[in-house]
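Have a look at the structure below, then the notes.
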Amino acid sequence: MNTFRRSLTFVSRYKGRTLLAIFIGFLTIGANIGLMGTSGYLIAKAALRPETVLLLWVPIVGVRFFGLSRGVFRYVERLVSHDVTFRILSSMRTWLYGRIEPRGTELLENRRSGDVLSSVVSDVNELQNLYLRVLAPPAVAVLCSMLGIGIAAAYDLRFGAILAVMLVLAGVGVPLAAHLSGLKRGQEMVKQRAELYADAADLIMGLPELIIYGQADTAAARMEETQRGISAIQSGQNRTAAVTSGLMVACTHLAMWLIMLAAVPLVAAEALNGMYLPVLAMVALATFEAVAPLPQTFQQFGTTMAAAARLFRLADGDGDSPANASPAGGYGASCEEESSRLPADGFPIRMEAVSFHYGEREPAALSDFSLELPRGARIAVVGESGAGKSSILQLLLKLRPYQSGSITLGGYDLNSLPGEEVRARFAVVSQSIQLFNETVRDNLLLGRHDAADEQVEQAAKLALIHDTIISLPQGYDTLIGEWGAMLSGGERQRLALARALLRDAPVLLFDEPTTGLDPVTERAFIQQLEPVLQGKTVLWITHKLSGLEQMDEILVLRQGRISERGTHEELLARRGDYWRLFQLQRQEPEWAG
């Protein structure tokens, strides 16, 4: 029920449109009740051969009116209800992205990418049934049942009582049985579907390795087994739907016959005009149109709530709770409400006694770490793998919270600045270059979506990748494949550099940018950086010591703590950790000359 209440908060934002759609739905079925009742009266009246056709004029007009209005109301109801549904889905997607985007770095540490994809796509789509099949049908059914019972009771209270009992049986008893029958299946369906998404994502992303090690058929067989489970669940749901549909038809006709049996003695006693027999029968049949969708509503409720529960678990994460996860808090509100406080031409960065760990039981990634990065300065942070170097970037980009100490940007505390404002002032070149299966131009425009063609080409020239791009089959409009498969490692790094330069941010962050490059390419990459770094604030994080002579200061990290700091020459003269790393790298075979 807590999940259901949270789901309703999305609908409450459009309560006016929702009530309008429910009211039009009531008018649609109400018009059908009027059409069927008036038609029954017209048929009975015409069968008695009235002296003049004018005596049939009123029911004829009624049939025309209700027939036309029913079609109009049905069209408008579909239009309004789907508009409400799409608005709700749009609100959900925006809210969900706003919840998971700040946790993007840590999100996949505990979840499979396919599982996340299943929630973002499939679970959100499942929630389109929240209004169409869960909320609207019961509301319309209650209103229309009251109308039908009122019409029947106007002739005799017994007719109204019979219709009320049968409507409760058909609208509550049968759907409740369908709900209890399909509850576990609906939850299992959501689980199995998420598993299928996850297996499919793993198969696609790991296909080369699976083929190499001969496990592609095994992975495909696992997906096929999951699909068989989903098909079995769907078959069970279809059987339940077929049985409940038959029960609903039985209740409908039974109600009609019970009313007829109760009315015949009244007609025989002349307490009821015989022309009203078909009216009562047709009104009873038409009223059951309102409760016909309820078995599907009850059956769909379990699946919809299971999808919503998964969605909220994804949105809440480990550190949030339902209390503070209300959709009312819009994404990026703080960025829109206040203008950027960080100057666009640069600012000093200060980290003082910062401590950070990834989990409560995890060892500290950074301990008592301090850093002074004046505007326009160049500082390198070096150390062995696992020393905590990349954690510094995640803290500066406000991708993770730190536990103690302070970080200030331009004199402002990092925690007081919106994440979007912070990241807008940084350009990042990391060891893991995310390139999409789009054109070269589209990948570059990720750095600045409104950049002109001249600016894109200028950034590529500064990164020495322009000549390579124009040599491609379609130049800047060439598709480069997933992860830039058409490019070499050095080309991907230079493309990432061009994207960072196009962003024109005052601070450049480099996280192991030369990883995977051979010594010749690495040396060329470092040399070409010198002219483009002029006037920029640079934080260079690496475990390789090539090209660090140009840095203003070098910090040596060891198990999350600074063991040494100074210039390249000063650290070599001390013959400490930096000197040992330098000697180890010098002893590596220089096969590339």
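The values are calculated or read from the model by the stated rules, or taken from the named source; none is laboratory data. Quick caveat, the model's predicted, so the values are computed rather than measured. Here the Cβ positions follow ideal geometry from the backbone for every residue, glycine too, while neighbour counts run over all protein chains shown. Heavy atoms of the whole protein, side chains included, go into the accessibility calculation; ligands, DNA and RNA do not. Shrake-Rupley method; radii C 1.70, N 1.55, O 1.52, S 1.80 Å.
Can you say whether MET256 is open to solvent by less than 40 Å² (accessible area, probe 1.4 Å) and in contact with a helix residue (DSSP H, G or I) (Cβ under 6 Å, 6 or more places away or on another chain), as far as the supplied structure shows? Against the criterion (open to solvent by less than 40 Å² (accessible area, probe 1.4 Å) and in contact with a helix residue (DSSP H, G or I) (Cβ under 6 Å, 6 or more places away or on another chain)), MET256 qualifies.
Once the stretch 530-562 is narrowed to residues that are touching a helix residue (DSSP H, G or I) at 6+ places or on another chain (Cβ under 8 Å), touching a residue at least 40 places away in the same chain (Cβ under 8 Å) and among the polar types (S, T, N, Q), the residue that is nearest to PRO519 (Cα to Cα) is THR542. Only one of the listed residues (MET189, MET166) is in contact with a Leu (Cβ under 9 Å, 6 or more places away or on another chain), open to solvent by less than 20 Å² (accessible area, probe 1.4 Å) and either assigned to a helix (DSSP H, G or I) or modelled with pLDDT of 75 or more (or both). That residue is MET166.
Residue-level analysis places LEU247 outside the set of residues that are assigned to a helix (DSSP H, G or I), open to solvent by 40 Å² or more (accessible area, probe 1.4 Å), modelled with pLDDT under 85 and under 23 Å from GLU289 (Cβ atoms). Taking the stretch 365-389 as the range and being within 21 Å of GLU512 (Cβ to Cβ) and open to solvent by 40 Å² or more (accessible area, probe 1.4 Å) as the test, the residues that pass are GLU384, SER385, GLY386. Scanning the stretch 502-521 for residues that are at pLDDT below 80 and either surrounded by 15 or more Cβ atoms within 10 Å (Cβ to Cβ) or farther than 27 Å from ALA452 by Cα (or both) yields GLU512, PRO513, THR514, THR515, GLY516, LEU517, ASP518, PRO519, VAL520, THR521. With respect to the stated conditions, GLN227 is farther than 30 Å from LEU163 by Cα, open to solvent by less than 80 Å² (accessible area, probe 1.4 Å), of a type outside the set (A, V, I, L, M) and part of a helix (DSSP H, G or I). Listed by position, the strands (runs of 3 or more DSSP E) inside the stretch 522-571 whose residues that are open to solvent by 10 Å² or more (accessible area, probe 1.4 Å) and farther than 22 Å from GLN493 by Cβ number at least 3 are 561-566. Does the stretch 476-498 contain at least one residue that is touching a Leu at 6+ places or on another chain (Cβ under 9 Å), open to solvent by less than 10 Å² (accessible area, probe 1.4 Å) and not in a helix (DSSP H, G or I)? Yes, there is a match, as at least one residue in the stretch 476-498 is touching a Leu at 6+ places or on another chain (Cβ under 9 Å), open to solvent by less than 10 Å² (accessible area, probe 1.4 Å) and not in a helix (DSSP H, G or I). Applying a threshold of 8 Å to beta carbon distances and a minimum spacing of six or more residues, or different chains, the list of pairs starting in the stretch 408-423 at a residue that is on the phi > 0 side of the Ramachandran plot and ending at one that is open to solvent by 30 Å² or more (accessible area, probe 1.4 Å) reads GLY410/ARG341; GLY410/PRO343; GLY410/PRO348; GLY411/PRO348. Which one is nearest to LEU167 (Cα to Cα), of the residues in the stretch 289-305 that are at pLDDT 85 or above and open to solvent by less than 10 Å² (accessible area, probe 1.4 Å)? Here the residue is VAL291. Screening the candidates TYR75, TYR97 for the property of being under 29 Å from SER145 (Cα atoms), surrounded by fewer than 20 Cβ atoms within 10 Å (Cβ to Cβ) and of a type in the set (Phe, Trp, Tyr) yields one hit, TYR75. Residues that are of a type outside the set (A, V, I, L, M), open to solvent by less than 40 Å² (accessible area, probe 1.4 Å) and under 31 Å from the mean Cα position of the chain (by Cα) within the stretch 230-244 comprise GLY236, GLN237, THR240, listed in sequence order.
Applying a threshold of 6 Å to beta carbon distances and a minimum spacing of six or more residues, or different chains, the list of pairs starting in the stretch 6-17 at a residue that is outside any helix (DSSP H, G or I) and ending at one that is open to solvent by less than 50 Å² (accessible area, probe 1.4 Å) and at pLDDT 80 or above reads TYR14/VAL84. From the residues in the stretch 427-467 that are part of a strand (DSSP E or B) and modelled with pLDDT under 85, which one is most open to solvent (accessible area, probe 1.4 Å)? Of everything passing the filter in the stretch 427-467, VAL428 is most open to solvent (accessible area, probe 1.4 Å). In the stretch 170-186, is there at least one residue being open to solvent by 20 Å² or more (accessible area, probe 1.4 Å), more than 19 Å from THR240 (Cβ to Cβ) and hydrophobic (A, V, I, L, M, F, W, C)? Within the stretch 170-186, none of the residues are open to solvent by 20 Å² or more (accessible area, probe 1.4 Å), more than 19 Å from THR240 (Cβ to Cβ) and hydrophobic (A, V, I, L, M, F, W, C). Out of THR439, THR478, THR468, one residue alone is β-branched (Val, Ile, Thr), in contact with a helix residue (DSSP H, G or I) (Cβ under 9 Å, 6 or more places away or on another chain), over 25 Å from ARG523 (Cα atoms) and free of Cβ contacts under 8 Å to residues at least 40 places away in the same chain. It is THR478.
With the requirement that a residue be among the charged types (D, E, K, R) and surrounded by fewer than 13 Cβ atoms within 10 Å (Cβ to Cβ), what does the stretch 1-53 give you?
Residues of the stretch 1-53 that are among the charged types (D, E, K, R), as a first pass: 5-6, 13, 15, 17, 45, 49, 51.
The answer is ARG5, LYS15, ARG49, GLU51.
Restricting the stretch 409-426 to residues that are charged (D, E, K, R) and outside any loop (DSSP other than H, G, I, E, B), the residue that is nearest to the chain's Cα centre (by Cα) is GLU420. Criterion applied to SER406, SER390 was being more than 26 Å from the chain's Cα centre (by Cα) and part of a helix (DSSP H, G or I), and the one residue passing it is SER390.
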